[in-house]
Amino acid sequence: MQSTKGAEVLKVLSISPTAEDHVSLQYIVGRSTWTLFTADRLHTAVTILRENDISVIICERHLLPGQWNDVLDAINDLPNPPSLIVASRLADDRLWAEALNLGAWDVLAKPFDSTNVLRSVKSAWQHWYDQTRKCNRVMKAAS
């Protein structure tokens, strides 16, 4: 998927200690023009985030070490923080409420359903894109 300007490729970061998650997402994303980055832990993810303009993160609820909300804390310091989607085998109402109240964009149930993943990532990207444009307009107006 490209932006409405046609120049930006959507970059997605999958953070999970489970290789199966990355394989499943690569299969889903592989038919698009999106670029998928993968990390098995928060430290690796932070390095990828510093080196790439990631717009959407799909993060496993339980990391080794840590949790999805540690990722949320890490991205809040970025100038254009990516939209965060939490993934879990137990995507219950409690996780939904917690994730959305703390600032995650969406919650996806695992195993991944391609229709749900594509819908969620497109929506998260649009949110990120709109926020980035809004931030750029404010910065231009201030200068």
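Just a few scattered comments:
- Residues within the stretch 49-60 that are under 15 Å from L84 (Cα atoms) and without any contact (Cβ under 8 Å) to a residue 40 or more places away in the chain, tallied: 1
- Among the residues of the stretch 49-74, those that are closer than 15 Å to L13 by Cβ and either of a type in the set (D, E, K, R) or in a helix (DSSP H, G or I) (or both) comprise L49, R50, E51, D53, E60, W68, D70, V71, L72, A74.
- All positions within the stretch 85-102 that are surrounded by 13 or more Cβ atoms within 10 Å (Cβ to Cβ) and either modelled with pLDDT of 95 or more or outside any loop (DSSP other than H, G, I, E, B) (or both): I85, V86, A87, S88, L95, W96, E98, A99, L100, L102
- N80 part of a loop (DSSP other than H, G, I, E, B) and within 15 Å of the chain's Cα centre (by Cα): yes
- Matching residues in the stretch 25-46 - criterion: being part of a helix (DSSP H, G or I) and either basic (K, R) or under 15 Å from the mean Cα position of the chain (by Cα) (or both): L25, Q26, I28, V29, L42, T44, A45, V46
Matching residues to (1) loosely packed, with under 13 Cβ neighbours inside 10 Å; (2) farther than 15 Å from S16 by Cβ:
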| position | (1), (2) |
| --- | --- |
| E60 | no, no |
| N76 | yes, yes |
| P79 | yes, yes |
| S83 | no, yes |
| L108 | no, no |
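- Residues being out of contact with any Lys or Arg (no Cβ under 8 Å at 6 or more places or on another chain) and within 17 Å of K110 (Cα to Cα) are entirely absent from the stretch 68-82.
- Among the criteria (1) in contact with a Leu (Cβ under 7 Å, 6 or more places away or on another chain); (2) at pLDDT 95 or above; (3) over 17 Å from L13 (Cα atoms), the one V117 does not fulfil is (3).
- Where I48 falls short, out of the listed (1) more than 21 Å from R119 (Cα to Cα); (2) of a type in the set (A, V, I, L, M, F, W, C); (3) crowded, with 21+ Cβ neighbours inside 10 Å: (3)
The values are calculated or read from the model by the stated rules, or taken from the named source; none is laboratory data. Please read all numbers here as calculations on a predicted model, not as lab measurements. Don't worry about glycine lacking a Cβ; one is built from the backbone with ideal geometry, like all the others, and counts go over all protein chains shown.
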